[in-house]
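Derivation of every value follows stated rules applied to the coordinates shown; laboratory data play no part. None of the values given here were measured: they were computed from a predicted structure. Here the Cβ is made from the backbone with ideal geometry for all residues, glycine too, and neighbour counts use every protein chain on show.
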Amino acid sequence: QSTINQIAAGEVVERPASVVKELMENAIDAGSTAITVEIRQGGIGFIRITDNGCGIKKEELPLAFLRHSTSKIRTAEDLLTVSSLGFRGEALSSIAAVSQVELITKTSGSLTGSRYRIEGGEEKGLEEIGAPDGTTFISRNLFFNTPARRKFLKTETTEGAHVTDLVEKIALSHPEISIRLIVNNQSRLHTSGNHNLKDIIYTVYGREIAANLLPVEVSNGIVKISGFIGKPVIARGNRNFENYFINGRYIKSGLVSKAIEDGYKSYMMQHKYPFTLLHLTVEPEFIDVNVHPSKMELRFKDGENMYRVICQAVVDALSGKEL
Ligand code: ADP
Ligand code: MG
C-alpha cells in the first residue's frame, strides 16, 4: 500500500509547487476567503497553508487521507461547470506518502479542533486540540523517504520561485480571496480579496504594467470575457505575460493564445506579445475537457466562433481607447 501510494504520489507531487497547488485548491474548494501560504527552504523543508474554510470533521480526517477519497463527486464534464477544483481525491494521500504532514482543522459546528499527523503514509496520531475555524496544513521534508525523487529537485531558490509563480497565478485567478505568501519569514505577496484585479496586477507585476492597461469586457451567447490587455508600450518579446483563466482555472489553450496574439498583431502590425489578464467564462456545453492525471486539455466545440470573439475583443479594447 505504501509503495503504491508513493508511486501514485509521483503523479501528483513533483515538487513543492505541486503540493502548494493541491493544498491551495483544497482551501479554495473549502470556501476560504483568506489563505496564507508560508514556505521555507523553497518549500522542500517546510510548507504551511492556513485557510479559513469549512474545515474537516474529526471522524472524517483519516478518511480524507485515503487514496481516491474525495468529498467532491465529480465527472470530467463537471470539472469546468462547478467551482470545485479537486476531483480525484489523490492530493492528501499523495502528499502524506512523501512528506511529514501535520494538519490542524476545525469546523464551525464543533467546539474543538483536531490535530492529525501522518508521515510517509504512516499515521502518527489524532487528537483534539483548540483551534480556530479552518484548516492549517503543514508539510515538512518533502521526499524525505524517497531520496531518488528528492535528487530531482532543483535548488531551494528555484523551487521557491516556482511556488511564488504559482501563488501569484492563483491570486490573479481568485481576486475574491485574500492571499498571502510568506517566503523565509518575509512577506512576498498579499492581496486584499476585494475583487480588484488591477490591484493584484499592480502587486504581482508592478507599477509600469498596472499603469498601462486597457479594459476588456465582452459578453455574448458563448463567452464572457473580462480583464485587461496591456497597451503596446508594454508589449513583450515572449508569451510569458499572457495570462488567462477559463472558468476560474489557469489553463493553456492554443486557440485562446492564438486569438489574443492575432488580435494584438493585427492592431500592432508587429510581432510582439501582449500583457493580458483575462477571465473567460464559457458555457460548459461549448467545452470538451479531456482530463489526464498530469494535465488538462481543453477544446472548444465551436472553436472558430470562440476564436473570432476573443480576437475581436482584443482589437476592440485596443482601438477603443487612445494609446
Ligand atoms: P479532492 O480535493 O480531489 O477531493 P484531496 O485529497 O485533495 O481530494 O482532499 C480530500 C478531501 O479532504 C477533500 O475532498 C475535502 O473533503 C477534504 N479537504 C482537504 N483539504 C481541505 C481543506 N483545506 N478544508 C476542508 N476540507 C479539506
Ligand atoms: Mg484536492
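What does the charge count around residue 202 come to, taking other residues whose C-beta lies under 13 Å from its C-beta (Lys +1, Arg +1, Asp -1, Glu -1)? Numbers along the way, then the final one.
On the way: positive: 198, 207; negative: 168, 199, 208.
Net local charge, residue 202 excluded: -1.
Taking a sphere under 15 Å around the Cβ of residue 222 and counting the other residues whose Cβ falls inside, with K and R at +1 and D and E at -1, yields a net charge of -1.
Residue 152 sits among other residues whose Cβ lies under 9 Å from its own Cβ, and their net charge, with Lys and Arg +1 and Asp and Glu -1, is +4. Using the alpha carbons alone, the radius of gyration of the chain stands to its Kirkwood radius in an Rg to Rh ratio of 0.99.
Could you put 159, 59 in order, starting from the residue whose Cβ has the fewest other Cβ atoms within 10 Å? All intermediate terms of the calculation are to be shown ahead of the outcome.
Values: 159 20, 59 9.
Starting with the residue having the fewest Cβ neighbours, the order is 59, 159.
Annotation: the residues 137, 152, 144, sorted from fewest to most other C-beta atoms within 10 Å of their own C-beta, follow the order 152, 144, 137.
Kindly put 155, 146 in sequence by how many other C-beta atoms sit within 10 Å of each C-beta, fewest to most.
Values: 155 10, 146 19.
Fewest-to-most ranking of 155, 146: 155, 146.
Fully extending the segment from residue 272 to residue 208, taken as 0.36 nm per residue of separation minus the present Cα-Cα distance, adds 21.3 nm.
Could you order peptides 261-267, 177-183, 39-45 by the average number of other Cβ atoms within 10 Å of their residues, highest first?
Details: 261-267: 18.7, 177-183: 20.3, 39-45: 22.3.
The densest-packed peptide leads the list: 39-45, 177-183, 261-267.
Each of residue 305 and residue 124 was given a label point 7 Å from its Cα along the Cα-to-Cβ line. The distance between the two points is 5.5 nm.
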